[in-house]
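Each value in this text was obtained by applying a stated rule to the coordinates, not by laboratory testing. Because the structure is a prediction, the values reported are computed rather than measured. Glycine gets a Cβ as well: all are built from the backbone with ideal geometry, and neighbour counts include every protein chain shown.
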C-alpha cells in the first residue's frame, strides 16, 4: 500500500515526547523523518527511562516514539555540520522543533531564517505556554502543564486532592495537534499554489485546555462554579450517577450513563427505584453511588455483565494490560506490530491506530541508533548539492 505522505521529507529537531510524537504520526503516514541529534548524547529521551526499562542501549520510551525514523548527528555549533543541516532543510517539506521560545533563533533555524532558504517550508513548533506572556520561559513538562491547566482537579474522588493522569497525556495530545496543523498546511499546499508554506504553532497549555473543552464550556455556563467531584466512584466531575467504576465480588465494573430506576430494576435494588427525576441523578449522585457500590459487591463482574449488557446498559469489565492483551476484542484489532532496528534488534510495540482503505498503517522499522543514518543521508541528500 502506498502511504499518503511518501516523498514528504521532515527535518525534526524535537526531543522528548511532544515533538517526536508529532513526527511519529507523519512517519506512520509514510513521510521520511530525519531526527537531528547531538553527537554522543542525542535526543535526551534516549535516557528517559520508565521503570528502568532499557532496550538495546536506549530507553523504551525512545523506542516507542521514534520508530520508523532516521538519525542524523550534527553539532549545530560547528559551521560545516550546520551547513549540512541547511542542505537538508532546503529539500525539506516540514521542519519541527519543540525548544523553548528563542532557542531556534539563537541556533539560526527559526522560521524566518528557514523560510528565506525554503519559502515553501511548513514549519511546526511546540512550546510549553506560548511565545508571549509571563509563563513563556517556564519548562514545558507534562506534569507541570497538567497541574497549571486545572486538569488535575478532574480525576479522583472529592477530598483526594489534585490527581494527575498516569500518562504523559499533554505531550501526546500536543503532538497530535501539531500533526493536524502540519497536515492541514500540506492539504492547503496541494490546493492553493500560492500558499505553499506556513507556520504552525501549538503550546502544551493550549492543548491541555482544548482537551478540557467540554468541562471548561460547562464551567463558564455554570457561572464559574468550582469543580465538584463525586465523593465516591468519581469518573467525570460534571456527570451524575451512575458514571464511575465500582468494585464487584471479584473485580470491577465500569458504568456509564444509565437510567437509575432501570438499573434498580435490573440489579434488584429497590432503593434505586425512588430516583425517578433525572436531575437528582447529579444532585444526589453520592447517595446513589453509595447504594450502587453496596449492591454491586454482591456478585461477580461477569454475573452483572450478563444482566446489564442484554438490557443495553453501557457497562464494561475493567481490564489490566495482561487481561486486555489476551482478550478476543483486542486480538481482533491486531494493534501490536514487531519492529526491527538496523542492527537486528527486534521488539514489539503499538501500530498507528488508523486504517486507510481497510489497511492498517504498519511499519517494521524500529527506532534508529544515534547517528545511524548520518552517512547515508549525506550521500543521498547532501552530497548532491
Please report 325, 122 as a ranked list, fewest other C-beta atoms within 10 angstrom at the top and most at the bottom. 325, 122
Return 172, 288 ranked ascending by Cβ neighbour count within 10 Å, so the fewest neighbours appear first. 172, 288
For the range 1-158: relative contact order, % (alpha-carbon pairs under 8 angstrom, 6 or more apart): 22
Share, in percent, of DSSP beta bridges within the chain that are antiparallel, nearest 5: 40
Roughly how many Å is it from the Cα centre of the range 78-103 to that of the range 160-216, as a whole number? 22
Taking 0.36 nm per residue of separation and subtracting the Cα-Cα distance, what length does fully extending residue 346 through residue 113 add? 79.9 nm
What is the distance, in nm, between label points placed 7 Å from the Cα along the Cα-to-Cβ direction at residue 165 and at residue 138? 1.8
Could you give the semi-axes, largest first, of the ellipsoid that matches the range 1-144, computed as the square roots of 5 times the alpha carbon gyration tensor eigenvalues and rounded to whole Å? 22, 21, 16
Residue-span extension gain [residue 226 to residue 78] - 0.36 nm each, minus C-alpha spacing: 47.9 nm
Based on the Cβ-Cβ distance from residue 307 to residue 214, what FRET efficiency comes out when R0 is 30 Å, to the nearest 0.05? 0.50
If you find the alpha carbon centre of the range 252-327 and of the range 357-374, how far apart are they in angstrom? 43
Quick one, what does Rg over Rh come out to for the range 244-326 if you take C-alpha atoms and the Kirkwood Rh? 0.98
Contact order normalised by length for the range 237-385, with contacts defined as Cα pairs under 8 Å and 6 or more residues apart; what percent is it? 18
Using only the alpha carbons of the chain, determine the length spanned along each of the three principal axes and report them from longest to shortest in whole angstroms. 80, 48, 43
At a 10 Å Cβ-Cβ cut-off, how would you order 185, 269, fewest neighbours first? 269, 185
Per-residue ellipticity at 222 nm attributable to helices in the chain (runs of n ≥ 4 DSSP H, -39500 (n - 2.57) apiece, nearest 500 deg cm²/dmol) works out to -10000 deg cm²/dmol
With contacts defined as alpha carbon pairs under 8 Å and 6 or more residues apart, what's the relative contact order of the chain in percent? 18
